[in-house]
1. Which count do you get for residues in region 1-28 that are among the hydrophobic types (A, V, I, L, M, F, W, C) and surrounded by fewer than 12 Cβ atoms within 10 Å (Cβ to Cβ)?
2. I want to confirm something. Restricting to region 38-70 and keeping residues that are within 17 Å of Ala107 (Cα to Cα) and of a type in the set (D, E, K, R), which single residue is surrounded by the fewest Cβ atoms within 10 Å (Cβ to Cβ)?
3. Quick check on my filter: what residues within region 56-91 are of a type in the set (D, E, K, R) and either touching a helix residue (DSSP H, G or I) at 6+ places or on another chain (Cβ under 7 Å) or at pLDDT 90 or above (or both)?
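The values are calculated or read from the model by the stated rules, or taken from the named source; none is laboratory data. Quantities reported herein were computed from a predicted structural model and do not represent experimental measurements. Here the Cβ is made from the backbone with ideal geometry for all residues, glycine too, and neighbour counts use every protein chain on show.
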Amino acid sequence: MKVAVPTERQEQISFVKWFRLSFPKKRIIAIPNGVATNALFGRALNQEGRSRGVPDLFIPHLLVWIEMKRRDYKRPKTTPKMGTTAWYQKDWEDYLMLCGHTVFRAAGWIDAKEFIEEYYILKN
């Protein structure tokens, strides 16, 4: 029987839903850099400041950025296989860390949830 593996989008939706239920007074922002557009609209977005490689989610209260990756649920949790990271994503991650922010590359929404639970406890 083939197991349906959630898409990166589905993983992100699950995480945002969990976050908003768990921390109703904290805010989370999605950065829709991967949105498919036509060439004209794409140029307009770039002129407005869109920058490829910025992580998918930002939690201002914690200064945490999350790059959501699709998790391969057929592998054990100890060796999660994730989607690949492009050089421009790594460049943004490095820059944000130099600015004093935390960046976490999550292997699915549960990985992101566990990171935030642990990180939040450390910060409070």
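1. Quick first cut of region 1-28, residues among the hydrophobic types (A, V, I, L, M, F, W, C) only: 1, 3-5, 13, 15-16, 18-19, 21, 23, 28.
Retained after the next criterion (residues that are surrounded by fewer than 12 Cβ atoms within 10 Å (Cβ to Cβ)): 1, 3-4, 21.
Qualifying residue count, region 1-28: 4.
2. Arg70
3. Just the residues of region 56-91 that are of a type in the set (D, E, K, R), to begin with: 56, 67, 69-72, 74-75, 77, 81, 90-91.
Scanning region 56-91 gives Asp56, Glu67, Lys69, Arg70, Arg71, Lys90, Asp91.
Per-residue answers, yes or no, for (1) under 19 Å from Val103 (Cα atoms); (2) without any contact (Cβ under 8 Å) to a residue 12 or more places away in the chain; (3) in a loop (DSSP other than H, G, I, E, B):
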position: Gln12; (1), (2), (3): yes, no, no
position: Val16; (1), (2), (3): yes, no, no
position: Phe19; (1), (2), (3): yes, no, no
position: Lys25; (1), (2), (3): no, yes, yes
position: Pro32; (1), (2), (3): yes, yes, yes
position: Thr37; (1), (2), (3): no, yes, yes
position: Ala44; (1), (2), (3): no, yes, no
position: Gln47; (1), (2), (3): no, yes, no
position: Ile66; (1), (2), (3): yes, no, no
